[in-house]
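Take a look at the structure below.
The values are calculated or read from the model by the stated rules, or taken from the named source; none is laboratory data. Because the structure is predicted, anything quoted here is derived from the model rather than measured. Positions of Cβ are backbone-derived with ideal geometry, glycine not excepted, and every protein chain shown enters the neighbour counts. All accessible areas refer to the heavy atoms of the entire protein, side chains included, with ligands and DNA or RNA removed. Shrake-Rupley method; radii C 1.70, N 1.55, O 1.52, S 1.80 Å.
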Amino acid sequence: MQFKIQSSTLKATFNSIGAELCSVKNNNGVEFIWQANKSVWARHAPVLFPIVGKLKDNFFNYDNQKHELPQHGFARDMNFELLEGSSESCTFQLQSNDKTKQIFPFDFVFQINYQLVDNKLITSYKVNNPSYKPLFFSVGAHPGFNCPLLPNETFSDYYLEFEKSNYNLTQLDNGLRLDVKNTLNLPNKKLFLSKELFHKDALVFENNQINKVSLCSSKSDHKITIENEGWPYFGIWSKNENQQFVCLEPWHGIADKANGLNEFIKKDGIIELAPYAEFNCSFSLFFK
């Protein structure tokens, strides 16, 4: 099932599978969201829950039990219930059930609200723990954006505009974090895109380095800005050698280390939610 909302300048479409954003168009018909070409990358903007990234050997240990989970968890492939919908806002919900508890031994209620305000799309996540036991989880976003946006542009016409000139990058090996850190130096706070930029996988930023970043065109006025203050981790990704889309990803959670121990409650970035407590976070996308 799909659901649509709109503002004075934008129209957005969502799929109940994964509560996934699958289209944002302006009044001129420009499509900002990657359209899930199966031969390239068959997703639009998957929601990452109850883990972000990859587990070492694709499993975790909890309470003396081994549990296997795929990269980024299972929510992106599950059917969410549409709780509320209006012309400018919609709320989806996923609850733990017998199927989820076979692979993730926790009770949860996960809600996602989308709201359009003029040229801004606000995404809000709410996780409730309905149990008398602690809930351990991570949550993140993985929106993919068309790049280029216009027919007369190329991937290399685009650049990422940052708030600072220097960042620390975490190096990945087969999706897992290494202890090696690299320095990203950005002349004029800009990083131009190229098909080689992601040949070592995603650009991963730890320790609350990214609060705002923009995807900009050097040939037009179009720009996509993400604001995600308070999110401890951030990823920028596209498929190696791809020249059609790029993802800007705020995370409350992160992939395992290559030398990790598979102990879920000690996992970097894991959130411990007390019994009957609630976790909230949000980020905003601005489309020009």
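Would you be able to tell me the number of residues in the range 69-104 that are β-branched (Val, Ile, Thr) and touching a Cys at 6+ places or on another chain (Cβ under 7 Å)?
0
Here are the criteria: (1) of a type in the set (A, V, I, L, M); (2) in contact with a His (Cβ under 8 Å, 6 or more places away or on another chain); (3) modelled with pLDDT under 95. Tell me which single one VAL47 does not satisfy.
With respect to (1) of a type in the set (A, V, I, L, M); (2) in contact with a His (Cβ under 8 Å, 6 or more places away or on another chain); (3) modelled with pLDDT under 95, VAL47 is out only on (3).
Being within 21 Å of PHE80 (Cβ to Cβ) and among the polar types (S, T, N, Q) is the filter; apply it to the range 20-36 and report the residue that is most open to solvent (accessible area, probe 1.4 Å).
Out of the qualifying residues, it is GLN35.
Give the residues of the range 37-71 that are open to solvent by 20 Å² or more (accessible area, probe 1.4 Å), within 28 Å of CYS216 (Cβ to Cβ) and under 20 Å from the mean Cα position of the chain (by Cα), sorted by residue number.
Of everything in the range 37-71, those that are open to solvent by 20 Å² or more (accessible area, probe 1.4 Å), within 28 Å of CYS216 (Cβ to Cβ) and under 20 Å from the mean Cα position of the chain (by Cα) turn out to be ASN37, VAL40, TRP41, ALA42, ARG43, HIS44.
When you go through SER220, SER214 one by one, which is the residue that is surrounded by 15 or more Cβ atoms within 10 Å (Cβ to Cβ), among the polar types (S, T, N, Q) and either in contact with a Lys or Arg (Cβ under 8 Å, 6 or more places away or on another chain) or assigned to a strand (DSSP E or B) (or both)?
Just one listed residue meets the conditions, SER214.
Being closer than 30 Å to PHE145 by Cβ, surrounded by 15 or more Cβ atoms within 10 Å (Cβ to Cβ) and in contact with a Pro (Cβ under 8 Å, 6 or more places away or on another chain) narrows it down to one residue among VAL109, VAL127; which is it? Break it down stepwise before answering.
Values: VAL127 fails: in contact with a Pro (Cβ under 8 Å, 6 or more places away or on another chain).
That would be VAL109, the only listed residue that is closer than 30 Å to PHE145 by Cβ, surrounded by 15 or more Cβ atoms within 10 Å (Cβ to Cβ) and in contact with a Pro (Cβ under 8 Å, 6 or more places away or on another chain).
Quickly run through the range 182-202 and pick out the residues that are open to solvent by less than 100 Å² (accessible area, probe 1.4 Å) and within 29 Å of LYS56 (Cβ to Cβ).
ASN182, THR183, LEU184, GLU196, LEU197, PHE198, ASP201, ALA202
Considering every residue within the range 241-251, establish whether at least one is closer than 30 Å to TYR132 by Cα, in contact (Cβ under 8 Å) with a residue 60 or more places away in the chain and of a type outside the set (Val, Ile, Thr).
Yes, the conditions are met somewhere in the range 241-251.
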